[in-house]
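K.L.:
One structure coming up, written as structure tokens, with questions to follow.
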Amino acid sequence: IVVRLEVWVSTWFQAPVEFPATLAAEGALVELVGGSPDSRFEEQGGRRWTGLIRRYRLLPVQPGEIGVALPGPLAVLPGGGNGRPLSLRPAAALRLNVRLPAGAEDIQPFVAARRLELQQRWWPETTAGAAPLQVGDLVRREVRLITDSSSPLLPAPDFGTPAGVAVRVQTAELQEQRANAAATPTLTRRQEAVYTLQQAGRVELPALEMVWWDLRQRRRRAPRLEGMALEVQPAAPRPDPFALPSPEAAPSAVDERPAAGSQRWWALGATGALVAGLVAARRLRAASAGGPAGPRAARAAERHLWSRLRRAC
């Protein structure tokens with residue numbers, strides 16, 4: 001229901017009218033339609049009148065009588081006066097008798113909207129060739145509700161409590177979008193549940209259904225999200241990655257390390273001995289440089305030691 005609040009003066013407005021952000025309502029929710037107020041001009045009794053108009057959305061929560069009124073006096077500053085604002089007394093409260101449309105009597109709680117969609121997604125996805133689920137595996141289910149209804153009575157999805165399964169429901173995430181300031185908001189509510197499989201055999205994850213009243217088609221609608229049937233396998237034995245090695249395997253690992261260490265020490269010792277031999281050969285060559293056969297013998301010994309060093313490396 002759209003309620004119009006109008007303010008008219010016989011001259012002009014010296015300052016914008018501070019319309020209230022909401023109206024006092026009993027049994028209904030009230031939302032100020034965003035954007036700038038509408039302006040109107042009318043001729044009455046030979047005088048031109050100027051008007052400003054604000055709109056409010058009224059959402060009855062439950063059937064019965066509701067009342068809508070201004071929360072207090074409205075301050076207006078018209079032109080052509082003494083510059084002092086006028087305090088307009090609130091108009092009489094608007095009384096409405098709201099009833100449910102025919103065919104919607106069994107909708108509890110009653111939710112009316114022009115758009116309401118339900119979507120869901122599963123992890124892991126049940127595709128052909130997928131690995132079978134086992135005891136201890138997790139199944140995630142995400143449900144999205146997209147609607148233009150701002151009713152606080154929008155029910156939360158019932159993820160159920162199937163046998164052999166532990167259910168953990170996460171807190172809902174809400175997101176609101178508007179095409180412009182005056183547009184009706186579109187609410188997206190996302191909620192997720194995690195099923196922990198605790199028993200082997202057939203497990204039935206329940207379907208979800210939400211009943212609501214379509215304001216466009218004036219009829220009852222009940223979208224349904226299908227559940228899932230699972231064949232849960234017993235948990236397969238898996239090695240513990242943090243377990244200590246068995247006593248039988250420990251000696252073999254210990255016995256291999258000294259052999260590898262002794263080979264490294266032997267290679268280092270052989271390399272050191274060859275290097276020492278090269279140093280001694282250079283000294284011998286320098287000492288016998290004066291004799292005719294000394295340099296040749298020293299060079300032969302040096303070549304022999306170099307070849308042994310290359311083989312050792």
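The values are calculated or read from the model by the stated rules, or taken from the named source; none is laboratory data. This one's a predicted model, so the numbers in the text were calculated from it and none came from an experiment. Using ideal geometry, Cβ is built from the backbone for each residue, glycine included, and neighbour counts are taken over all protein chains shown. The accessibility values were calculated without ligands, DNA or RNA, using every heavy atom of the protein model including side chains. Shrake-Rupley method; radii C 1.70, N 1.55, O 1.52, S 1.80 Å.
K.L.:
Suppose the filter is open to solvent by less than 60 Å² (accessible area, probe 1.4 Å), within 16 Å of Trp212 (Cα to Cα) and assigned to a strand (DSSP E or B); does Leu187 pass it?
P.N.:
Here the answer is yes, as Leu187 does meet what is asked.
K.L.:
Another question, if that's okay. Filter region 105-143 down to the residues that are open to solvent by less than 90 Å² (accessible area, probe 1.4 Å), among the hydrophobic types (A, V, I, L, M, F, W, C) and under 22 Å from the mean Cα position of the chain (by Cα) and list them by number.
P.N.:
If the condition is that a residue be open to solvent by less than 90 Å² (accessible area, probe 1.4 Å), among the hydrophobic types (A, V, I, L, M, F, W, C) and under 22 Å from the mean Cα position of the chain (by Cα), then Leu116, Leu118, Trp122, Trp123, Val139, Val143 are the ones that fit.
K.L.:
If you check Ala172, Ala166, Ala182, which single one turns out to be open to solvent by 20 Å² or more (accessible area, probe 1.4 Å), among the aliphatic types (A, V, I, L, M) and touching a residue at least 60 places away in the same chain (Cβ under 8 Å)?
P.N.:
Ala182
K.L.:
Continuing with the same structure: Just for region 144-159: of the residues that are buried (at least 17 other Cβ atoms within 10 Å of the Cβ) and outside any strand (DSSP E or B), which one is modelled with the lowest pLDDT?
P.N.:
The extreme case among them is Ser151.
K.L.:
Name, by its number, the condition in (1) in contact with a Lys or Arg (Cβ under 6 Å, 6 or more places away or on another chain); (2) under 20 Å from Leu153 (Cβ atoms); (3) of a type outside the set (Gly, Ala, Ser) that does not hold for Pro101.
P.N.:
(1)
K.L.:
List the strands (runs of 3 or more DSSP E) inside region 199-247, counting only whole elements, that have at least 3 residues being under 22 Å from Gln120 (Cα atoms).
P.N.:
Because the criterion is at least 3 residues that are under 22 Å from Gln120 (Cα atoms), the strands (runs of 3 or more DSSP E) in region 199-247 that meet it are 201-205, 212-214, 228-232.
For (1) modelled with pLDDT of 90 or more; (2) open to solvent by less than 70 Å² (accessible area, probe 1.4 Å), each residue gets a yes or a no:
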| position | (1), (2) |
| --- | --- |
| Ser36 | yes, no |
| Arg57 | yes, yes |
| Val61 | no, yes |
| Gly79 | no, yes |
| Gly83 | no, yes |
| Ala91 | no, no |
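K.L.:
From Val3, Val9, grab the single residue that is touching a residue at least 24 places away in the same chain (Cβ under 8 Å) and more than 30 Å from Glu65 (Cβ to Cβ).
P.N.:
Val9
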